[in-house]
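Okay, structure first, notes after.
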């Protein structure tokens, strides 16, 4: 009888703990994204303008993007994939050759391009 009571209490405690934990709804990540100019900035930030992302800001000089997102809706690797699809390499995902080739000439960061007119 005593064992049944203890088992019942343990089951209740496990259920309460299991339902009480909820993962955070907001996370911030920083990662490197290759690019050259303000056009790249617009493209990178636009690529990250999806449901689940609250804010995405890319810095031209540091080549870093800051993303505030909901980890319940997106995984970090998905953020890297979105940027790579837009033609920009990240520290975890390289853009396809076609996505990179589709960038404007001044945005071809792999060739060392530098923008002078914007």
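Say each of residue 15 and residue 29 gets a label point 7 Å from the Cα, pointing the same way as Cα to Cβ; how far apart are those two points in nm?
Modelled inter-label distance: 3.6 nm.
Mind checking the angle between helix 38-47 and the chain's longest principal axis? C-alpha axes, 0 to 90 degrees, to the nearest 10.
30 degrees
Any read-out appearing in this document is the output of simple, stated calculations on the displayed coordinates, not a laboratory observation. If you're wondering where the values come from, they're calculated on a predicted model, not measured in any experiment. All Cβ positions, even for glycine, are placed from backbone atoms using ideal geometry, and neighbour counts span all protein chains on display.
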